[in-house]
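The values are calculated or read from the model by the stated rules, or taken from the named source; none is laboratory data. All figures in this text were calculated on a predicted structure; none of them were measured in a lab. Reconstructed Cβ throughout: ideal geometry from the backbone, glycine too, with neighbour counts over all protein chains shown. What goes into the accessible areas is simple: the full protein's heavy atoms, side chains included, and nothing from ligands, DNA or RNA. Shrake-Rupley method; radii C 1.70, N 1.55, O 1.52, S 1.80 Å.
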Amino acid sequence: MAQTTPNHTQTVTGWAAHEQSGKVTPYTFKRRENGINDITIEVLYCGICHTDLHYINNDWGITMYPVVPGHEITGVVTKIGSNVKNFIVGDKVGVGCPAASCLECEFCTTDRENYCDQIQFTYNGIFWDGSITYGGYSTMLVADHRYVVKVPENLPMDAAAPLLCAGITVYSPFKDSGLLDSPGKKIGVIGLGGLGHVAVKFGKAFGHHVTVISTSPLKEKEARDRLGAHDFIVSTNPQQMKAGKRTLDFILDTVSAHHSLGPYLELLKVEGTLSIVGAPDKPIDLPSFPLIFGKRSVKGSMTGSIKETQEMMDVCGKYNITCDIELVKTDKINEALLRLSKNDVRYRFVIDVADKSPRL
Ligand code: NAP
Ligand code: ZN
């Protein structure tokens, strides 16, 4: 049943999962009025992140049904609050994962609010007014302007949408590991999906040698020809894994399913780093020997700050980086979710929420 919170008077059409069925259905709900710090956005496009699937299926045991997923949102500003000075009606904007944070802690005050202890997300979060947040599988969004970024003019709004989560999630660990301005490193990307394919593009744009490490031999040709990966290791092929031992400076792990880090860590040089962004429901196996014998490090990373997200969008504008997408109409969301669950997407589904294409 739709929530009833004072000031939540705007009726919105969206798509929600009501149970662990892996499916969404049309759902009408209420959003808050546009407050003084808010921006109202007509949603044009929304990417389908694997995180949406984790929530729809309650993989992590934290889903508050009904859940309206979607945190890779692009759209147009239709209304601004009186405190909003950096956006005007008509601006092309994007909204990613964060919807609110405490604004006061050491992380919020140093542009690292993605690590605020009280961070709330664009969906399945609890906003300042106590309401449950609903995401971008919906025609309209009200967002606090402090969690909104601008989309560069030269980027198409559909192929830019996944940058709001997939893009920033892989950009942030690259930046954190000093890979934005130190070309010539050997970088591995585990998992050629939504996050992984953007990581390949960033790795190349920043002048690195990029190796894709994949369970899908069929992805090799397009990884090399279309995305420009320099190398491709099939992780289920012991010879290829052996040949790749101690070759990489940095690995980004984007895998959505349970796996062991052991074989991947062997691919790192001594003192190499593996950064985890994938979020499987079960704990990842972390054997100690490859860590000890190679003095290697493993760390994690969670999306990025809003400042960093704007920076990433501007970098994408500069290098013309967008996502390789399959655009789907709203009546095909469930088909897309099913295909995503079967690792059958090149490389991100994006929902054509506004569907402005001419009708026949
Ligand atoms: P995706 O498009 O489904 O890509 C995941 C890729 O992982 C697949 O394409 C596949 O690549 C690989 N894979 C799947 N099962 C595997 C297995 N059993 N062993 C090894 N590799 C496997 O998903 P995504 O949208 O990129 O998201 C990936 C993960 O990141 C999800 O868990 C998501 O929740 C998480 N995530 C985290 C953050 C964060 O802030 N840290 C943000 C967004 C998403 P190959 O076919 O090449 O093997
Ligand atoms: Zn996401």
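Checking Thr109, Thr63 one by one, the residue that is β-branched (Val, Ile, Thr) and under 20 Å from the mean Cα position of the chain (by Cα) is Thr63 and no other.
Does any residue of the stretch 175-182 turn out to be open to solvent by 10 Å² or more (accessible area, probe 1.4 Å), hydroxyl-bearing (Ser, Thr, Tyr), in contact (Cβ under 8 Å) with a residue 24 or more places away in the chain and in the same structural domain as Thr40 (by TED's automatic domain parsing)? No, the stretch 175-182 has no match at all. Taken as a whole, the structure leaves Thr5 outside the set of residues that are free of Cβ contacts under 8 Å to residues at least 60 places away in the same chain, away from ligand 1 (no atom under 16 Å from the Cβ), of a type in the set (S, T, N, Q) and open to solvent by 10 Å² or more (accessible area, probe 1.4 Å). Taking the stretch 143-157 as the range and being among the charged types (D, E, K, R) and open to solvent by less than 40 Å² (accessible area, probe 1.4 Å) as the test, only Asp144 passes.
Looking at Asn34, is it over 30 Å from Val277 (Cβ atoms) and open to solvent by 70 Å² or more (accessible area, probe 1.4 Å)?
Working: over 30 Å from Val277 (Cβ atoms): yes; open to solvent by 70 Å² or more (accessible area, probe 1.4 Å): no.
Considered against the rule, which asks whether it is over 30 Å from Val277 (Cβ atoms) and open to solvent by 70 Å² or more (accessible area, probe 1.4 Å), Asn34 comes out as no.
Just checking, does the stretch 158-170 include any residue being within 15 Å of ligand 1 (Cβ to nearest atom), in contact with a strand residue (DSSP E or B) (Cβ under 7 Å, 6 or more places away or on another chain) and polar (S, T, N, Q)? No: zero hits. Please work out if Gly22 is modelled with pLDDT under 95 and assigned to a loop (DSSP other than H, G, I, E, B). Taking the combined requirement at face value, the residue satisfies it.
Considering the stretch 237-266, and only residues there that are under 22 Å from Val170 (Cβ atoms) and of a type in the set (Asp, Glu), the residue that is nearest to ligand 1 (Cβ to nearest atom) turns out to be Asp253. When each of Gly136, Gly90, Gly81 is tested for being exposed (fewer than 15 other Cβ atoms within 10 Å of the Cβ) and under 23 Å from Thr13 (Cα atoms), the lone residue that passes is Gly90.
Return yes or no: is Asp281 within 16 Å of ligand 2 (Cβ to nearest atom) and either open to solvent by 60 Å² or more (accessible area, probe 1.4 Å) or assigned to a helix (DSSP H, G or I) (or both)?
On the way: within 16 Å of ligand 2 (Cβ to nearest atom): yes; either open to solvent by 60 Å² or more (accessible area, probe 1.4 Å) or assigned to a helix (DSSP H, G or I) (or both): yes.
When the stated conditions are applied, Asp281 passes them.
Looking across the stretch 56-74 at every residue that is on the phi > 0 side of the Ramachandran plot and more than 16 Å from ligand 2 (Cβ to nearest atom), the one that is surrounded by the fewest Cβ atoms within 10 Å (Cβ to Cβ) is identified as Gly61.
Test Tyr171 against the criterion of being open to solvent by less than 50 Å² (accessible area, probe 1.4 Å), in contact with a Phe, Trp or Tyr (Cβ under 9 Å, 6 or more places away or on another chain) and assigned to a helix (DSSP H, G or I), and give yes or no. Yes: the conditions hold for Tyr171. Within the stretch 302-331, which residues are in a helix (DSSP H, G or I), more than 16 Å from ligand 2 (Cβ to nearest atom), in contact with an Asp or Glu (Cβ under 9 Å, 6 or more places away or on another chain) and over 20 Å from Glu42 (Cα atoms)? Those that are in a helix (DSSP H, G or I), more than 16 Å from ligand 2 (Cβ to nearest atom), in contact with an Asp or Glu (Cβ under 9 Å, 6 or more places away or on another chain) and over 20 Å from Glu42 (Cα atoms): Lys307, Gly317.
Just checking, which of Lys342, Lys299, Lys295 is farther than 28 Å from Val151 by Cα, open to solvent by 70 Å² or more (accessible area, probe 1.4 Å) and free of Cβ contacts under 8 Å to residues at least 12 places away in the same chain? Outline the logic, then answer.
Working: Lys299 fails: free of Cβ contacts under 8 Å to residues at least 12 places away in the same chain; Lys295 fails: free of Cβ contacts under 8 Å to residues at least 12 places away in the same chain.
Just one listed residue meets the conditions, Lys342.
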